[in-house]
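Engineer: Next up is a structure, given as structure tokens.
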Amino acid sequence: MNELTSKTLEQIVDTEKATKDLVKQYEEKREALSADKERQIATWASEKDAAVTAFQQAQVDANQKVLQAYQAEEKAKNDQEIQELKDKFQNDLPALVSVVISEVKNSYGNR
């Protein structure tokens, strides 16, 4: 029975050692997978940040182009309106001068 007990104890020790080795392998594999997962998450986060930044910059660029086009259009309208007012003033200037001269003559006479 001593030999049987010895073999049984040996099997128990071998089984326990194999179990510990399996637990160690499992922990190592779990840590490796966890590290891989963390690296993948960091990569995805970085890619997401880059995509968001690129999208935001594209939006800013598009808005800037629209703004510049609007400003150019408004400037052209304003310049045209100013020119029309200048032309109207120049055309009406002789009549205005005549009215002013007439009013001065009426007020002060021909002195």
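The values are calculated or read from the model by the stated rules, or taken from the named source; none is laboratory data. Given the structure is predicted, the values throughout are model-derived calculations rather than measurements. Backbone-built Cβ (ideal geometry, glycine too); neighbour counts: all protein chains shown. Just so you know, the surface numbers come from the protein's heavy atoms only, side chains and all, with ligands and any DNA or RNA stripped out. Shrake-Rupley method; radii C 1.70, N 1.55, O 1.52, S 1.80 Å.
Engineer: Given just the C-alpha atoms of the chain, how large is their convex hull per residue in cubic angstrom?
Structural biologist: Hull volume normalised by residue count: 132 Å³.
Engineer: About its Cα centre, what dipole magnitude does the chain give when the only charges are +1 on Lys and Arg Cβ and -1 on Asp and Glu Cβ, stated in debye to the nearest 20?
Structural biologist: In total the dipole reaches around 580 debye.
Engineer: So for the pair E103, D21, with labels modelled 7 Å out along Cα→Cβ, what separation do we get in nm?
Structural biologist: 11.4
Engineer: Report, in degrees rounded to the nearest 10, the 0 to 90 angle that the Cα long axis of helix 2-108 makes with the longest principal axis of the chain.
Structural biologist: Compared with the principal axis, the helix lies near 0 degrees.
Engineer: Rolling a 1.4 angstrom probe over the protein heavy atoms, how many square angstrom per residue are accessible across the chain?
Structural biologist: Ligands and nucleic acids excluded, the result is 92 Å² per residue.
Engineer: At a probe radius of 1.4 Å, what is the per-residue accessible area of S107, in Å² to the nearest 10?
Structural biologist: 80
Engineer: Which value, in Å² rounded to 10, gives the accessible area of I12 with a 1.4 Å probe and all protein chains present?
Structural biologist: 90
Engineer: Among I12, Q64, A76, whose Cα projects farthest towards the positive end of the dipole of the chain, with charges put on the beta-carbon of Lys, Arg (+1) and Asp, Glu (-1)?
Structural biologist: Of the listed residues, the answer is A76.
Engineer: Is it possible to state the helix-based mean residue ellipticity at 222 nm for the chain, with each DSSP H run of 4+ residues giving -39500 (n - 2.57), the sum divided by total residues, to the nearest 500 deg cm²/dmol? What is it?
Structural biologist: Helix-only estimate at 222 nm: -37000 deg cm²/dmol.
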